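Inspection log for the structure reproduced underneath, given as C-alpha coordinates.
The values are calculated or read from the model by the stated rules, or taken from the named source; none is laboratory data. Note that this is a predicted model, so its numbers are computed, not measured. Ideal geometry is used to build each Cβ from the backbone, glycine not excepted, and the neighbour counts take in all protein chains shown.
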Amino acid sequence: MIIVMSGDASDQQVDAVVNKIKGFGLDVNISRGTERTVIGAIGDERKLDAEMFDSMPGVEQSMHIVKPYKIVAREWHKENTVIDIKGVKLGGNQIQIISGPCSVETQEQMDESAKFVSESGCHLMRGGAFKPRTSPYTFQGAGVEGLAMFRKAADRYNLPIVTELMDVRMLDTFLEYDVDVIQIGTRNMQNFDLLKEVGRVNKPVILKRGMAATISEWLMAAEYIAAGGNHNIIFCERGVRSYETYYRNMLDITAIPVLKKETHLPVIIDPSHAGGKAWMVPALSRAAIAAGADGLLIESHPRPCEAWCDADQALSPEELKKLMGEMAGIASVIGRTL
Ligand code: PEP
Ligand code: MN
(Lines give C-alpha, C1' and ligand atoms only; values in the text may rest on other atoms or scores of the structure.)
(Ligands and ions follow the chains in the order given, each with its own letter.)
Protein backbone atom coordinates (compact mmCIF):
# COMPACT_ATOMS: atom_id res chain seq x y z
CA MET A 1 0.00 0.00 0.00
CA ILE A 2 1.21 3.50 -0.78
CA ILE A 3 0.25 6.48 1.36
CA VAL A 4 0.76 9.91 -0.20
CA MET A 5 1.08 12.70 2.38
CA SER A 6 -0.17 16.19 1.56
CA GLY A 7 2.39 18.89 0.72
CA ASP A 8 2.17 20.53 4.14
CA ALA A 9 2.16 17.35 6.23
CA SER A 10 4.27 17.68 9.36
CA ASP A 11 6.95 15.23 10.53
CA GLN A 12 4.62 14.17 13.36
CA GLN A 13 1.89 13.33 10.86
CA VAL A 14 4.34 11.25 8.81
CA ASP A 15 5.46 9.49 12.00
CA ALA A 16 1.87 8.69 12.96
CA VAL A 17 1.31 6.94 9.63
CA VAL A 18 4.61 5.07 9.91
CA ASN A 19 3.74 3.90 13.43
CA LYS A 20 0.31 2.72 12.34
CA ILE A 21 1.80 0.63 9.53
CA LYS A 22 4.42 -0.83 11.87
CA GLY A 23 1.69 -1.63 14.38
CA PHE A 24 0.33 -4.12 11.82
CA GLY A 25 3.72 -5.80 11.59
CA LEU A 26 4.70 -4.27 8.24
CA ASP A 27 7.84 -2.35 7.37
CA VAL A 28 7.96 1.07 5.73
CA ASN A 29 9.84 2.84 3.02
CA ILE A 30 9.73 6.64 3.16
CA SER A 31 10.39 8.58 0.01
CA ARG A 32 10.74 12.33 0.54
CA GLY A 33 10.30 14.30 -2.67
CA THR A 34 10.42 18.06 -3.16
CA GLU A 35 6.63 18.41 -2.95
CA ARG A 36 5.34 15.20 -1.38
CA THR A 37 6.35 12.48 1.03
CA VAL A 38 5.26 9.01 -0.04
CA ILE A 39 5.16 6.17 2.46
CA GLY A 40 5.23 2.61 1.17
CA ALA A 41 4.07 -0.29 3.36
CA ILE A 42 6.24 -3.38 2.90
CA GLY A 43 4.79 -6.80 3.72
CA ASP A 44 1.32 -8.33 3.46
CA GLU A 45 -0.66 -5.19 2.75
CA ARG A 46 -3.98 -7.11 2.72
CA LYS A 47 -4.04 -6.45 6.48
CA LEU A 48 -4.33 -2.74 5.69
CA ASP A 49 -7.32 -0.83 4.43
CA ALA A 50 -7.25 2.56 2.68
CA GLU A 51 -9.92 3.75 5.13
CA MET A 52 -7.45 3.35 8.00
CA PHE A 53 -5.22 6.05 6.56
CA ASP A 54 -7.48 8.34 4.54
CA SER A 55 -8.90 9.95 7.68
CA MET A 56 -5.50 10.58 9.32
CA PRO A 57 -4.24 14.18 9.43
CA GLY A 58 -1.79 14.99 6.65
CA VAL A 59 -2.80 12.06 4.42
CA GLU A 60 -3.76 13.01 0.87
CA GLN A 61 -4.58 9.55 -0.44
CA SER A 62 -3.73 5.91 0.03
CA MET A 63 -3.94 3.03 -2.39
CA HIS A 64 -3.38 -0.70 -2.59
CA ILE A 65 -0.74 -1.85 -5.02
CA VAL A 66 -1.53 -5.58 -4.94
CA LYS A 67 -4.90 -7.26 -5.43
CA PRO A 68 -6.95 -7.69 -2.25
CA TYR A 69 -7.62 -11.34 -3.22
CA LYS A 70 -4.84 -13.87 -3.29
CA ILE A 71 -5.85 -17.56 -3.47
CA VAL A 72 -8.27 -16.99 -6.33
CA ALA A 73 -5.91 -14.65 -8.23
CA ARG A 74 -4.17 -15.77 -11.40
CA GLU A 75 -1.24 -13.69 -10.26
CA TRP A 76 -0.46 -16.44 -7.73
CA HIS A 77 -1.59 -19.46 -9.75
CA LYS A 78 -0.91 -19.15 -13.47
CA GLU A 79 -2.46 -22.42 -14.70
CA ASN A 80 -6.21 -22.83 -15.17
CA THR A 81 -7.77 -24.79 -12.34
CA VAL A 82 -9.70 -27.81 -13.55
CA ILE A 83 -12.34 -28.99 -11.08
CA ASP A 84 -13.10 -32.69 -10.96
CA ILE A 85 -16.77 -33.39 -10.25
CA LYS A 86 -17.03 -37.18 -9.91
CA GLY A 87 -14.86 -37.52 -13.00
CA VAL A 88 -16.48 -34.65 -14.95
CA LYS A 89 -13.83 -32.00 -15.57
CA LEU A 90 -14.86 -28.34 -15.43
CA GLY A 91 -12.34 -25.68 -16.44
CA GLY A 92 -10.41 -27.75 -18.98
CA ASN A 93 -10.78 -27.91 -22.73
CA GLN A 94 -14.20 -29.52 -22.56
CA ILE A 95 -17.08 -27.11 -22.02
CA GLN A 96 -19.62 -28.46 -19.53
CA ILE A 97 -23.34 -27.88 -19.91
CA ILE A 98 -25.29 -28.20 -16.69
CA SER A 99 -29.00 -28.47 -17.34
CA GLY A 100 -32.21 -29.33 -15.56
CA PRO A 101 -35.26 -27.65 -14.11
CA CYS A 102 -35.32 -24.49 -12.05
CA SER A 103 -36.88 -26.45 -9.23
CA VAL A 104 -37.36 -30.05 -8.22
CA GLU A 105 -41.11 -30.70 -8.40
CA THR A 106 -41.94 -34.43 -8.50
CA GLN A 107 -40.09 -37.71 -8.90
CA GLU A 108 -41.61 -38.17 -12.33
CA GLN A 109 -40.51 -34.70 -13.49
CA MET A 110 -36.98 -35.36 -12.22
CA ASP A 111 -36.81 -38.79 -13.85
CA GLU A 112 -37.92 -37.35 -17.19
CA SER A 113 -35.51 -34.45 -16.80
CA ALA A 114 -32.50 -36.63 -15.98
CA LYS A 115 -33.27 -38.77 -19.03
CA PHE A 116 -33.39 -35.94 -21.55
CA VAL A 117 -30.54 -33.98 -19.95
CA SER A 118 -28.33 -37.06 -20.24
CA GLU A 119 -29.54 -37.95 -23.74
CA SER A 120 -28.88 -34.43 -24.98
CA GLY A 121 -25.20 -34.86 -24.02
CA CYS A 122 -24.95 -32.92 -20.74
CA HIS A 123 -22.68 -34.37 -18.06
CA LEU A 124 -24.08 -32.51 -15.05
CA MET A 125 -27.61 -31.76 -13.85
CA ARG A 126 -29.13 -28.80 -12.00
CA GLY A 127 -32.32 -28.46 -9.94
CA GLY A 128 -33.30 -26.39 -6.93
CA ALA A 129 -34.78 -28.09 -3.88
CA PHE A 130 -34.64 -24.88 -1.82
CA LYS A 131 -35.81 -21.88 -3.84
CA PRO A 132 -35.14 -18.21 -3.12
CA ARG A 133 -38.49 -16.81 -4.26
CA THR A 134 -39.38 -13.14 -4.30
CA SER A 135 -42.77 -13.84 -2.74
CA PRO A 136 -43.12 -15.91 0.43
CA TYR A 137 -46.46 -17.19 -0.90
CA THR A 138 -45.06 -18.91 -4.00
CA PHE A 139 -43.59 -22.44 -4.15
CA GLN A 140 -40.50 -22.49 -1.92
CA GLY A 141 -39.07 -25.76 -3.18
CA ALA A 142 -39.58 -29.42 -2.31
CA GLY A 143 -36.91 -29.24 0.42
CA VAL A 144 -35.14 -32.36 1.68
CA GLU A 145 -37.63 -34.57 -0.15
CA GLY A 146 -36.56 -32.74 -3.30
CA LEU A 147 -32.91 -33.60 -2.67
CA ALA A 148 -33.89 -37.26 -2.42
CA MET A 149 -35.89 -37.12 -5.68
CA PHE A 150 -33.03 -35.35 -7.42
CA ARG A 151 -30.40 -37.79 -6.18
CA LYS A 152 -32.48 -40.80 -7.24
CA ALA A 153 -33.21 -39.46 -10.73
CA ALA A 154 -29.67 -38.27 -11.44
CA ASP A 155 -27.96 -41.42 -10.16
CA ARG A 156 -29.73 -43.53 -12.76
CA TYR A 157 -27.90 -41.56 -15.48
CA ASN A 158 -24.65 -41.00 -13.57
CA LEU A 159 -25.21 -37.25 -13.52
CA PRO A 160 -23.52 -35.32 -10.70
CA ILE A 161 -25.98 -32.87 -9.17
CA VAL A 162 -25.85 -29.09 -8.70
CA THR A 163 -28.28 -27.53 -6.22
CA GLU A 164 -28.58 -24.31 -4.27
CA LEU A 165 -27.77 -23.98 -0.58
CA MET A 166 -29.52 -21.02 1.06
CA ASP A 167 -29.34 -21.85 4.74
CA VAL A 168 -26.18 -22.93 6.50
CA ARG A 169 -28.28 -25.23 8.71
CA MET A 170 -28.89 -27.43 5.65
CA LEU A 171 -25.21 -27.98 4.92
CA ASP A 172 -24.99 -31.31 6.75
CA THR A 173 -28.08 -32.52 4.90
CA PHE A 174 -26.44 -31.54 1.59
CA LEU A 175 -23.42 -33.63 2.58
CA GLU A 176 -25.67 -36.51 3.61
CA TYR A 177 -27.26 -36.51 0.14
CA ASP A 178 -23.80 -36.16 -1.33
CA VAL A 179 -24.70 -33.07 -3.34
CA ASP A 180 -21.88 -32.88 -5.88
CA VAL A 181 -21.79 -29.11 -6.43
CA ILE A 182 -23.17 -26.57 -3.97
CA GLN A 183 -24.67 -23.52 -5.67
CA ILE A 184 -24.56 -20.18 -3.88
CA GLY A 185 -27.23 -18.00 -5.46
CA THR A 186 -27.06 -14.38 -6.46
CA ARG A 187 -28.88 -13.29 -3.30
CA ASN A 188 -26.28 -14.92 -1.09
CA MET A 189 -23.06 -13.93 -2.85
CA GLN A 190 -22.14 -11.74 0.08
CA ASN A 191 -23.61 -13.89 2.83
CA PHE A 192 -20.16 -14.14 4.36
CA ASP A 193 -21.05 -16.61 7.09
CA LEU A 194 -22.50 -18.98 4.48
CA LEU A 195 -19.39 -18.52 2.32
CA LYS A 196 -17.12 -19.33 5.28
CA GLU A 197 -19.04 -22.54 5.96
CA VAL A 198 -18.89 -23.80 2.36
CA GLY A 199 -15.22 -22.88 2.50
CA ARG A 200 -14.74 -25.61 5.09
CA VAL A 201 -16.22 -28.48 3.09
CA ASN A 202 -14.64 -30.52 0.36
CA LYS A 203 -17.28 -29.90 -2.33
CA PRO A 204 -17.11 -27.77 -5.46
CA VAL A 205 -19.05 -24.53 -5.16
CA ILE A 206 -20.73 -22.54 -7.93
CA LEU A 207 -20.65 -18.92 -6.80
CA LYS A 208 -23.20 -16.86 -8.69
CA ARG A 209 -22.57 -13.17 -9.15
CA GLY A 210 -24.60 -10.93 -6.89
CA MET A 211 -27.17 -9.12 -9.00
CA ALA A 212 -25.51 -5.78 -8.27
CA ALA A 213 -22.00 -6.93 -7.44
CA THR A 214 -18.82 -5.60 -9.00
CA ILE A 215 -16.32 -8.13 -10.29
CA SER A 216 -13.97 -7.18 -7.49
CA GLU A 217 -16.66 -7.85 -4.83
CA TRP A 218 -17.36 -11.18 -6.51
CA LEU A 219 -13.67 -12.15 -6.43
CA MET A 220 -13.51 -11.20 -2.75
CA ALA A 221 -16.58 -13.36 -2.06
CA ALA A 222 -14.76 -16.28 -3.70
CA GLU A 223 -11.71 -15.49 -1.59
CA TYR A 224 -13.88 -15.99 1.52
CA ILE A 225 -14.59 -19.56 0.37
CA ALA A 226 -10.98 -20.18 -0.64
CA ALA A 227 -9.61 -18.78 2.64
CA GLY A 228 -11.39 -21.61 4.48
CA GLY A 229 -9.48 -24.21 2.45
CA ASN A 230 -11.99 -25.00 -0.32
CA HIS A 231 -10.41 -23.93 -3.60
CA ASN A 232 -12.95 -25.69 -5.84
CA ILE A 233 -14.86 -22.58 -6.85
CA ILE A 234 -16.69 -21.94 -10.12
CA PHE A 235 -17.77 -18.40 -10.97
CA CYS A 236 -21.21 -18.10 -12.56
CA GLU A 237 -22.30 -14.89 -14.29
CA ARG A 238 -26.11 -14.75 -14.43
CA GLY A 239 -26.74 -11.19 -15.46
CA VAL A 240 -26.80 -8.03 -13.39
CA ARG A 241 -29.62 -5.61 -12.59
CA SER A 242 -29.86 -2.80 -15.08
CA TYR A 243 -32.29 -0.10 -16.21
CA GLU A 244 -33.49 -2.37 -19.02
CA THR A 245 -36.82 -4.10 -18.58
CA TYR A 246 -36.98 -6.01 -21.87
CA TYR A 247 -35.07 -8.91 -20.35
CA ARG A 248 -34.64 -10.17 -16.79
CA ASN A 249 -30.99 -9.27 -16.21
CA MET A 250 -28.18 -7.83 -18.32
CA LEU A 251 -25.74 -10.63 -19.18
CA ASP A 252 -22.25 -9.30 -18.61
CA ILE A 253 -20.29 -11.12 -21.29
CA THR A 254 -17.38 -8.78 -20.56
CA ALA A 255 -17.03 -10.48 -17.18
CA ILE A 256 -15.78 -13.64 -18.93
CA PRO A 257 -12.48 -12.27 -20.29
CA VAL A 258 -12.04 -10.12 -17.18
CA LEU A 259 -12.39 -13.12 -14.85
CA LYS A 260 -10.24 -15.29 -17.09
CA LYS A 261 -7.50 -12.69 -16.67
CA GLU A 262 -7.98 -12.17 -12.93
CA THR A 263 -8.56 -15.73 -11.75
CA HIS A 264 -7.44 -19.26 -12.56
CA LEU A 265 -10.83 -20.67 -11.55
CA PRO A 266 -13.50 -21.78 -14.07
CA VAL A 267 -16.14 -19.34 -15.29
CA ILE A 268 -19.62 -20.40 -16.37
CA ILE A 269 -22.65 -18.50 -17.63
CA ASP A 270 -26.33 -18.82 -16.75
CA PRO A 271 -28.16 -17.52 -19.82
CA SER A 272 -31.56 -18.53 -18.41
CA HIS A 273 -31.71 -16.11 -15.48
CA ALA A 274 -30.13 -13.43 -17.66
CA GLY A 275 -32.57 -13.47 -20.57
CA GLY A 276 -35.54 -14.70 -18.57
CA LYS A 277 -37.13 -16.03 -21.78
CA ALA A 278 -36.40 -19.37 -23.43
CA TRP A 279 -36.09 -17.79 -26.87
CA MET A 280 -33.11 -15.69 -25.75
CA VAL A 281 -31.19 -18.62 -24.26
CA PRO A 282 -29.64 -19.98 -27.50
CA ALA A 283 -28.18 -16.62 -28.56
CA LEU A 284 -26.76 -15.90 -25.10
CA SER A 285 -25.36 -19.43 -24.84
CA ARG A 286 -23.58 -19.20 -28.18
CA ALA A 287 -22.14 -15.80 -27.23
CA ALA A 288 -20.92 -17.12 -23.87
CA ILE A 289 -19.07 -20.02 -25.47
CA ALA A 290 -17.53 -17.80 -28.12
CA ALA A 291 -16.35 -15.44 -25.35
CA GLY A 292 -14.55 -18.22 -23.49
CA ALA A 293 -16.96 -19.58 -20.87
CA ASP A 294 -16.01 -22.96 -19.40
CA GLY A 295 -19.60 -24.03 -19.04
CA LEU A 296 -23.24 -23.06 -18.96
CA LEU A 297 -26.07 -23.50 -16.47
CA ILE A 298 -29.24 -23.85 -18.53
CA GLU A 299 -32.77 -24.33 -17.22
CA SER A 300 -34.87 -26.97 -18.97
CA HIS A 301 -38.07 -28.84 -18.24
CA PRO A 302 -39.88 -31.83 -19.79
CA ARG A 303 -42.92 -29.54 -20.33
CA PRO A 304 -41.82 -25.90 -19.83
CA CYS A 305 -45.34 -24.49 -19.70
CA GLU A 306 -46.08 -26.70 -16.67
CA ALA A 307 -42.96 -25.68 -14.70
CA TRP A 308 -43.66 -24.54 -11.13
CA CYS A 309 -40.91 -21.96 -11.28
CA ASP A 310 -39.32 -19.93 -14.11
CA ALA A 311 -41.52 -21.54 -16.77
CA ASP A 312 -40.83 -18.73 -19.27
CA GLN A 313 -37.13 -19.39 -19.44
CA ALA A 314 -37.04 -23.19 -19.48
CA LEU A 315 -35.94 -24.95 -22.66
CA SER A 316 -37.90 -27.98 -23.84
CA PRO A 317 -35.97 -31.25 -24.36
CA GLU A 318 -35.98 -30.61 -28.13
CA GLU A 319 -34.70 -27.05 -27.71
CA LEU A 320 -31.89 -28.21 -25.41
CA LYS A 321 -30.84 -30.88 -27.87
CA LYS A 322 -30.78 -28.43 -30.77
CA LEU A 323 -28.77 -25.92 -28.72
CA MET A 324 -26.25 -28.59 -27.74
CA GLY A 325 -25.51 -29.11 -31.43
CA GLU A 326 -25.09 -25.38 -32.07
CA MET A 327 -22.81 -24.98 -29.05
CA ALA A 328 -20.67 -27.94 -30.14
CA GLY A 329 -20.14 -26.13 -33.46
CA ILE A 330 -18.98 -22.94 -31.77
CA ALA A 331 -16.80 -24.89 -29.33
CA SER A 332 -14.99 -26.60 -32.18
CA VAL A 333 -14.29 -23.27 -33.92
CA ILE A 334 -12.43 -22.09 -30.81
CA GLY A 335 -10.62 -25.40 -30.36
CA ARG A 336 -12.74 -26.77 -27.52
CA THR A 337 -15.15 -29.67 -27.14
CA LEU A 338 -18.54 -30.02 -25.57
C1 PEP B 1 -31.27 -20.60 -9.84
O2 PEP B 1 -30.26 -20.89 -10.49
O3 PEP B 1 -32.22 -21.35 -9.71
C4 PEP B 1 -31.38 -19.24 -9.25
C5 PEP B 1 -32.29 -18.95 -8.32
O6 PEP B 1 -30.50 -18.38 -9.75
P7 PEP B 1 -30.02 -16.92 -9.26
O8 PEP B 1 -29.47 -17.11 -7.87
O9 PEP B 1 -28.99 -16.56 -10.28
O10 PEP B 1 -31.22 -16.02 -9.31
MN1 MN C 1 -34.72 -20.39 -11.97
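Considering region 24-133, the qualifying strands (runs of 3 or more DSSP E), each wholly inside and each with 3 or more residues that are under 30 Å from G325 (Cβ atoms) and either within 16 Å of ligand 1 (Cβ to nearest atom) or of a type in the set (A, V, I, L, M) (or both), run over 96-100, 124-126. Among the criteria (1) touching a Phe, Trp or Tyr at 6+ places or on another chain (Cβ under 9 Å); (2) closer than 22 Å to T173 by Cα; (3) loosely packed, with under 14 Cβ neighbours inside 10 Å, the one V144 does not fulfil is (3). Against the condition closer than 17 Å to W218 by Cβ, within 15 Å of ligand 1 (Cβ to nearest atom), in the same structural domain as A307 (by TED's automatic domain parsing) and surrounded by fewer than 24 Cβ atoms within 10 Å (Cβ to Cβ), how does N249 come out, does it pass? It is true that N249 is closer than 17 Å to W218 by Cβ, within 15 Å of ligand 1 (Cβ to nearest atom), in the same structural domain as A307 (by TED's automatic domain parsing) and surrounded by fewer than 24 Cβ atoms within 10 Å (Cβ to Cβ).
Does region 133-140 include one or more residues that are surrounded by 23 or more Cβ atoms within 10 Å (Cβ to Cβ), over 30 Å from A290 (Cα atoms), at pLDDT 95 or above and touching a strand residue (DSSP E or B) at 6+ places or on another chain (Cβ under 8 Å)? Full working, then the answer.
Residues of region 133-140 surrounded by 23 or more Cβ atoms within 10 Å (Cβ to Cβ): none.
Taking every residue of region 133-140 in turn, none turns out to be surrounded by 23 or more Cβ atoms within 10 Å (Cβ to Cβ), over 30 Å from A290 (Cα atoms), at pLDDT 95 or above and touching a strand residue (DSSP E or B) at 6+ places or on another chain (Cβ under 8 Å).
Which of the strands (runs of 3 or more DSSP E) found entirely inside region 190-271 contain at least 3 residues meeting this: in contact (Cβ under 8 Å) with a residue 40 or more places away in the chain?
Details: elements: 205-208, 233-237, 267-269.
Filter on region 190-271 gives 233-237.
Every condition in (1) within 14 Å of ligand 2 (Cβ to nearest atom); (2) more than 15 Å from F235 (Cα to Cα) is met by K322 except one, and the failing one is (1). Close contacts from region 92-104, counting a first residue that is within 24 Å of A291 (Cβ to Cβ) and a second that is within 14 Å of ligand 1 (Cβ to nearest atom) and assigned to a loop (DSSP other than H, G, I, E, B), with Cβ to Cβ under 6 Å and a gap of 6+ residues or different chains, come to G100/G127. Entry remark, region 84-100: residues being in contact with a Pro (Cβ under 8 Å, 6 or more places away or on another chain) and more than 18 Å from R336 (Cα to Cα) number 2 in total. The set of residues in region 279-338 that are buried (at least 16 other Cβ atoms within 10 Å of the Cβ), part of a strand (DSSP E or B) and among the β-branched types (V, I, T) contains only I298.
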